[in-house]
Structures are given as C-alpha cells and as structure tokens.
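These notes are about the structure you will find just below.
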Amino acid sequence: MKIHTLVVLVQDHPGVLNRAVSMFRRRGYNIASLVVGHTETPGVSRMTIVVESDNVEQVVKQLYRLVEVLKISDVTEDPVVDREMVLVKLHVTGQHRAEIVALTEVFTAKIVDVATNTMVIEMTGGPAKVDNFIDVIRPFGIKEMMRTGRITMVRGAKGHSGAELIDQAAE
Amino acid sequence: MSEKRTGAQILCEALIQNGVDTMFGIPGGAIMPFYHAMWEYRTDLRHILCRHEQGAGHAAEGYARSTGRIGVCIGTSGPGTTNLVTPIADAWMDSTPMLAICGQVSSAVLGKDAFQETDITGITMPITKHNYLVKNINDIAYVVKEAIHIATTGRRGPVLVDITKDALQATAVPDYSKKIFLPGYRPTVTGSKKQIKAALSLMLKSKKPILMIGNGVMMSEASAEVRVFAERYKIPVITTLHGLGAFPEDHELSLGMPGMHGWVHANRAIQEADFLMNIGGRFDDRVTGKASTFAPNARIVHVDIDPSEIGKNIEVEIPIVGDARIVTLSMLEEEPEEKLVAEFHKNAAEWLTYVRELQTKHQHKQQYLNRPDTSTMLPHDVFAALTKQLNTRGNYRVVTDVGQHQMWAAQLLDWYKPRTHITSGGAGTMGFAVPAAMGVAVAHPEDTVWAIAGDGGFQMTNQEMIVIIQENIKNMKIAIINNGFLGMVRQWQELFEGKRYSGTPLTSPDFQKLAEAYGWTGITVESVDQIDAAIERAYAIDGPVLIDFRVEREVNVFPMVPQNKSIGEMITE
C-alpha cells in the first residue's frame, strides 16, 4: 500500500480529532503518524496525517463530509519540508560519552539532559534523517524514545492557510 | 426578547423559530426541564409521547420523509438516547433530515458515570451528519439553528444535540440572531456547467440510454423536472427503492425497480444499456448486484449532492456534484442541436420497444399479479387487492417494514407520487413501519396511511399502536402479511441453505385481539374471498384498523438476484 501524507485544516473544536480519526478506523486504515497543532489562524487547527492506503481519495472525500473539516490536501507528490523531532534517553557509561557527543554534533542533535548513567538527546530532522540517527545511536542502548510524528509544509508560495476560508464563511 | 429565560425555554423558542411544530419523544430525569418548558409552548410545539424511543425516532423519520421537513425526536440521557441509536442509524443510511434532542447529566458530573449517563455524542459520531454536546445555555439557540440547517441542507441526515441538564435549567437572555458560521460546510448544489454539457453530449451519442433515479430526486423535490427531462429526450426511467413514486409507474417511459428484487427487464436494460445517468441514487449493492459486473456496456453519469458517493461503488465517467433538482434544471436549459435530438429519439424509441419486449417475455408486473392456481391465500392476493383499493381511493401513503412484504409492496403496489412510498432501505430496520407510519399519519391527516409489516417486524415496535389512540389519530391502518416466519431469512434458507429453518419459524399472538386490546379495530383474514371486504371495512371505519392477513407460509419473493451475483443472473421462480 502506498504511504500518503495529508495536510488537514479543521475547526478547533472538541471531538474533531476523534471524528477525523474515526474515518480511517472505519475503513480499516492504519495511521502511521498524526500530529495536530494550532496554526496562524485563530480557531483553525492543522493535522499532518501519514497513512497507508490504496484509496486515499475516497477517505479524503469522506473526511470532507465532516462539518468541521475545512481543507484536505494530499501532499505526497508535492515538494515539501518534512520534519519530526525525537527524544532519546540513552543508557550511557563513561566510556561512550565522548563518542555520543561527537555523533550528536554530526546530526546537529542536542544533548538536553545528562545524569550519572543516562543522557537525553533531542534531534530534529526529516523522517529519513531521524531514522538514520536512531539506527546509529541504537547500539549504545536506548532506554526510552519518543518521536513526535511528522509535520509537513509545502515549499514555495503554494500553501495551506485557513484564514481565507474563515473569512469567507464569516461574511 | 430581552427577558431572561431558562435554557429549556430557549430550546423551545429556537425550535419554533426554525420551523419545528411536532416532536416525538419520552421524558426522563435529564430532559425534564425541557418537558417542563414545552408545556408553555404546547400550542406551537406539539409533543407526541411514544412508548419506546426507537418508536419516537422512526416516527420522526416518517414525519421527515413524508414532508421533507425536519423530524424531531427526544430522549433522556442514558437508555433514552441509546434507544434512539437505531433510528438515527436508519436516518443516516437513508439521508433523512432528523434532529435528535437528548438530555444529558449535569456538566458537574459529566464523565463521572453519573446515573443514566451515556456518552451519546461518542456513540453516534459515525452515524450522524454532525452532533453536539451543549454545556452552556448561551450555545443552545445557535446550536439548534445550526443543527437544523445541517440536517436539512446538502445531503440530508440526522443531527444529534445533547444538552446537559444544568444548561437547560440555567437562565440567560437569549440571542437568536447569531448568523450561521460553518466554514467547513458548503454543499455544492449547482452542478458544473461543463460537466452537464459533457453529460448531455455523451447521452445524445448513445443508443440505449437509461435514466435511473433515487432518493436524491425525492429529497430535492425534483420529480417534475426529472419528468420533463425524461419526456423531452424520451429516455426510459428506472426508479430505485427510494425513488419509487418519483416517476409515475404508469408512464410510458417507466421501467420500474431494478436490483435484487427488481424486474428482469429493468435489470436487463441496465446490463445492456450503453448509457446510464443516475440522479440521486448511490449505487447501493442491492441495486448493483456484484458491482464489477454492473452495467458493463454503459458509460455512466452520476449526479449526487455528496461527492463521497461518486466513484464509491461504481466507477463513473462523468460525475456531477449538485442538487438533483438544480442539476436537472440546468440540463433542461441546454439546447442541443435538433438533428442530434431527433436521431437520439429514434434510437431511444427502438431501445424502449426492445426493453418492452423483454418485459412481456419475462415477468411483467401485471402477469406477476396473475397468481398461481392454488386455493390458499398468497401475499400476492393481498397486494393485488390493496393496489386496486389504493388506486381507486387515492390519497394514500404506504410505509413498509423490512423483509418479503417490503419487496412485494415495492413490486406490486403502484407508485405515482413522491413521498407516498416510505421504507427503511439502507439500514433495513425491522420495526420501522408502525412508528414511521404514525409519523406520516400525524404529518398528513388528509391521507390514509397504511403500515405494511410482516409478523416479525410488527412485533418489534407494535407498542406504538397505543400512541395512535392517545393522540386520537384516525387515518392509520396496519396490514400484517403474516406467514409465521421471518420470511426473507426463511427464503434464503430455502434457496441457499437446504431448507434449514434455523431461528425463523415464528409464533405470534392473536393480532386481532392485540389490536382490540389497544383500542383498534382488528380484522383477521384467512382466505382469498375475505380480502376485499376486510380492506373495505378498514376504510369504512373512521379510526385505526389492523388487518391480520394469514397468508401461505412459504412463498418467495421473485425475481431475485442471489447475493454477490450480477443483476443479469436472476432467479425468476
């Protein structure tokens, strides 16, 4: 199945996440990642949804049936900036510390916490770079890890702002 | 309007302002403030007390489906609202404009498993067009306005408003003037001119055209326009289950119903057509049979107000998103070259003649009414007699339940007018007929409303019969096609499961006595020669009458397309 990235603008109401996610559940599609956050327009939230699907078009149409969904774009084929962040807690004994510090510099990651036997590293990048970083760091012993999931923005003038849609409706 | 009011009073006023005059419901703890308030507004806002919330929901559906206006049902928190779930799902599947008003526990205890608390907005999320949990009195007036707007525009559907008890009890100065703000809800009603032109030019190139019309034509009141369109181009018209009545069945262009229990000639016509325009139908699997085999030779145009229906079940060549009536009007504005139209007329006439031959060769409706030679009473005898009486007397609406009788009614009664045939199509909800017919009877006191049900479905909601008495409703009759089985399941068991009648034989009470216990007139009919007199007596009595037709037990609905087969492969006997 093909992996699609959808950018979805929604009204910032309670339950809207539940409604949107339910559409994927109903069709039996697995969501690989989903990030929701505020946008430049008050009252509008933005989701980046990464989903495996052979027929994403149908899901998109059904998402549009939701009253609170403003706009959906499949940006899979568009030139985009893709970013996610990961926090990794490593089990680190003294002998490996220097090596890890060097690796974090290569990946422009940040060490945000150091304790006797652990280190927490923050790293941001495209999904491939994050994968790569995790692979490299794994042999040192990952105790905990959390990825944020992907946020995506189309490059150039084309974009996804809810401002116009909100203004039109208010008239 | 500057006086303070309770949330419940505001709810009543908002409903009245948005065109509601009738509601079906049952009170309970959380919704009590609403009932307290509605007493003051009872001259403008009629409340009909039902016996089960499912009955209230179906009654609201009947009201909505027969009028096109919003149907309103009410339940209290917890079981009161979960009992509404079935009619809400039914309204969702059949695009019925419905407003469900639910009481909810006070906001202070929300989410704490309070007495009679159920997360009804969570439960109904996938089966409502939209739903609301209202906790603030200041939201009530606006939410009612928005909810009714959403339910009655675009593709119609159910909307649920769940209001906490404290919001109903609080007081505030109402503001009814807030304008509707729905940036994510702008249904496309006007079809694309370009697509419409393309569709017409595709049609005019065809030699074997079919026009298929469905629920959307009913919902958008497009019958007259569709008729003008069909007559102008002389295209044969097929009406789906929910399209029955949208095009008169005695019209020379009418081919009747397609699908699983549709007519052989209608299905053959679809399979052989080189052009099919579907207005307001959703290519349900009961219409298409195995989807990949549907209309293999046809280039398909699909007119639907809901873009998510287009391409969902059947791939189409030209999609037109829009309201059935507005799109049909736009199609009528087009003036194609007369030469093309003349050529098209010639081909369409030949095609229609061919389809009519198929019709005579196979089971024409009238031939189908010619009963086999047996002394027992067949369901067909009942429907033949009913058809005769309905046609003679006029002013009728028929509400059917789900199962064999539903298909016989669709096949064997004559449908001439929109909103005269009301049934549970998409969801197939047994128990629909009696309460839905009550809703229809309330909305149309000038018509005789027949609920036709099987002995199985009837027993699921027959408690609503007493509401007819309490409300002094005179214009409702019930016909039970009583065969002592859950008949449609039995039919499948006979045809596909070696007659293993597992869980289908059905013992029933004496329906005549049951009717009498409810204050109805009950009639039992056990032989063919009693049918006419019973129906005549039902009409002669100014009040509710139930007729128990004890028909032959093992009769099948034919023609039939076995599940997941092509509609070209019909079993005819």
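Is the C-alpha gyration tensor of the protein assembly as shown telling us rounded, prolate or oblate? Criteria: a/c under 1.5 is rounded; beyond that, a/b larger than b/c is prolate, otherwise oblate. Working shown, then result.
Numbers: a/c = 1.97, a/b = 1.48, b/c = 1.34.
Prolate, because a/c is 1.5 or more and a/b exceeds b/c.
Take each residue in A:60-66, count the other chain C-beta atoms within 10 Å of its C-beta, and the mean is 5. Comparing B:395, B:120, B:35 along the charge dipole axis of chain B, the residue lying farthest to the positive side is B:120, per the Cβ-charge model.
Cα gyration tensor of the range B:5-172, axes a ≥ b ≥ c as square roots of the eigenvalues: rounded (a/c below 1.5), prolate (a/b > b/c) or oblate? Intermediate values should be presented prior to the final figure.
On the way: a/c = 1.44, a/b = 1.18, b/c = 1.21.
The shape class here is rounded.
For the range B:255-276, the residues whose backbone nitrogen is under 18 Å from a point 7 Å from the Cα of residue B:207, taken along Cα to Cβ, are B:269-276. Database remark: amide H of residue A:80 closer than 5 angstrom to the amide H of A:155 (H placed geometrically; neighbours at sequence offset of 5 or more, or on other chains; Pro and chain starts carry no H).
If we count trypsin sites (Lys or Arg not before Pro) as exposed when they sit in a DSSP loop and have at most 14 other beta carbons within 10 Å, what is the longest stretch of chain A that avoids them all?
Values: sites that count: A:2, A:155, A:158.
Segment A:3-154 is the longest.
Each of B:71, B:100, B:144 was placed along the dipole of the range B:5-172 (beta-carbon charges, centred on the mean Cα), and the one lying farthest toward the positive end is B:71.
For the range B:48-152, chymotrypsin sites (Phe, Trp or Tyr not before Pro) are listed when DSSP marks them as loop and at most 16 other Cβ atoms sit within 10 Å of their Cβ; the list is B:115. In plain terms, the chain from residue B:334 to residue B:175 could stretch by 52.7 nm, reckoned as 0.36 nm per residue minus the Cα-Cα distance. I'd like to know which of B:535, B:62, B:294 lies farthest towards the positive end of the charge dipole of chain B, counting +1 on Cβ of Lys and Arg and -1 on Cβ of Asp and Glu. Checking the options against the dipole of chain B, the answer is B:294. Under a model in which nothing but the beta-carbon of Lys, Arg (+1) and Asp, Glu (-1) is charged, the range A:81-151 shows a dipole of about 100 debye around its Cα centre. The phi torsions of the range B:283-300, fed into the Karplus equation with coefficients 6.51, -1.76 and 1.60 and a -60° offset, translate into couplings of 6, 4, 5, 6, 8, 8, x, 5, 4, 5, 9, 6, 6, x, 9, 8, 8, 10 Hz, rounded to whole numbers, with Gly and Pro shown as x. Among the GluC sites (Glu not before Pro) within the range B:492-543, those in coil by DSSP and having at most 15 neighbouring Cβ atoms inside 10 Å are B:497, B:526. Here each label is just a point 7 Å from Cα along the line to Cβ, and for residue A:161 and residue B:285 those points are 4.6 nm apart. Is the C-alpha gyration tensor of the range B:366-550 telling us rounded, prolate or oblate? Criteria: a/c under 1.5 is rounded; beyond that, a/b larger than b/c is prolate, otherwise oblate. In terms of gyration-tensor shape, rounded. Among the lysines, select those whose C-alpha is under 25 Å from the C-alpha of residue B:565, and discard any that sit fewer than 8 residues away in the same chain. Answer for residue B:565, where 25 Å is the Cα cut-off: B:208, B:290, B:312, B:361, B:365, B:499, listed by chain and number.
Determine the shielding of peptide B:121-133 by partner chains: average, over its residues, the number of Cβ atoms on other chains within 10 angstrom of each Cβ.
Details: counts 3, 3, 0, 0, 5, 5, 0, 0, 3, 5, 3, 2, 2.
What the average comes to for B:121-133 is 2.
Residues in the range B:414-425 carry Karplus couplings, in order, of 9, 10, 10, 10, x, 6, 9, 10, 10, 8, 8, x Hz; the curve used is 6.51 cos²θ - 1.76 cosθ + 1.60 with θ = phi - 60°, and Gly or Pro positions show x.
Laboratory data are not the source of any read-out in this text; all were calculated from the coordinates shown. These numbers were taken from a predicted model, which means no experiment stands behind them. Cβ atoms come from the backbone with ideal geometry, glycine included; neighbour counts cover every protein chain shown.
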